Amino acid sequence: MPFDQAARAATHQTHAAGILVMLATVLLFSLNDVLGKWLVASYAVGQLMVLRSLGALAVLGPLAWRALRAEGWRLPQPGLQALRMLLGALECACFYWAVGHMKLADAMTYWMAAPIYVVALSALLLGERVGAARWTCVLAGFAGVALALGGDLDGAGLPTLVALLGSVLHALFLVTARHLRETPDVVLAALQMLGGLALGLALLPAGGWAVPTLPDLALLLLLGLVATLGHMGVTRALKLAPASVVVPYLYSFVLWAALFGWLFFGEVPGWNILAGAAVVVVAGIWLYRMEGRAAARRPPAVVEGPG
């Protein structure tokens, strides 16, 4: 086999592996979201976040300690790190509260618009140049969100408003993450969980603490472990293939949310959610294709899932 053909075949295999890892990671995250939605019906968001964070830190803590020691205990841009921790914790709290009060597919539709918000926020807050084609994607994404809302923001209930707020916080979280690429991934993940632990503790007085059964305690801790595995899965997928190849498969979140919402909770998305989700997905994939062409100049718009 000529060298060029062998190289193309090897590239195709690694890209296919990256896509499979991303799809498996999204499925894992989606099952975790189902578990979170089920648990938040019995336990307050603050308690869920505390135990979820402790479960994750049990794995991430030693790894982050080792990584920081190798870096000479240097943490780049501590102020921005703190802002990212706050945004990640608030977004997580919004996500779990929202899925506890609305259909899983509805909430996921709003969160999947976050990468589109990233482009608009990068232009408005950071002065990044955004061409007409990418602005078209952004406007299409906003139209998809408006369609999901049914065109009536005034009639949106509190869960919908919390979901919208959470998706915007997720976008801001992603914008900050783009400027912390010098920080090891495991340190970023550990700091995110530390932020979730701190916010969860702050929310405990309002939500209270219910003594969990041993099976529920195991499941609450499992939330954090699965989130850790998901983060590692996304990181691995991005090492196997370019973001423009694998990141669009994150949108399979919407399909799993609709399927699992129906299977586990008897939820059937309305026509406006399905139509809005379709517009958001198409706009997002179109955007990522353009992002792929500019990958040498810009980092990917999103590398993490919601929650």
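The values are calculated or read from the model by the stated rules, or taken from the named source; none is laboratory data. In this text, all values refer to a predicted model and were calculated from it rather than measured experimentally. So basically every Cβ, Gly included, is an ideal-geometry build from the backbone, and we count neighbours across all protein chains shown.
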Top-ranked residue in region 243-269 [being modelled with pLDDT under 85 and touching a Gly at 6+ places or on another chain (Cβ under 6 Å); ranked as surrounded by the most Cβ atoms within 10 Å (Cβ to Cβ)]: V246
For region 73-87, state whether one or more residues are crowded, with 21+ Cβ neighbours inside 10 Å and closer than 22 Å to V247 by Cβ. yes
Looking only at residues in region 34-52 that are within 16 Å of the chain's Cα centre (by Cα) and closer than 20 Å to L194 by Cα, which one is surrounded by the fewest Cβ atoms within 10 Å (Cβ to Cβ)? G36
If you go through region 176-213 one residue at a time, how many are loosely packed, with under 15 Cβ neighbours inside 10 Å, at pLDDT below 95 and in a helix (DSSP H, G or I)? 2
Give region 243-267 a look and list any residue that's in contact with a helix residue (DSSP H, G or I) (Cβ under 6 Å, 6 or more places away or on another chain) and free of Cβ contacts under 8 Å to residues at least 60 places away in the same chain, or say none. S244, P248
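For region 270-290, does any single residue satisfy the condition of being outside any helix (DSSP H, G or I), surrounded by fewer than 20 Cβ atoms within 10 Å (Cβ to Cβ) and either modelled with pLDDT under 85 or touching a Phe, Trp or Tyr at 6+ places or on another chain (Cβ under 7 Å) (or both)?
No: zero hits.
Just checking, which of A41, A9 is outside any helix (DSSP H, G or I) and either among the aliphatic types (A, V, I, L, M) or modelled with pLDDT of 90 or more (or both)? Outline the logic, then answer.
Working: A9 fails: outside any helix (DSSP H, G or I).
After applying the criteria, what remains is A41.
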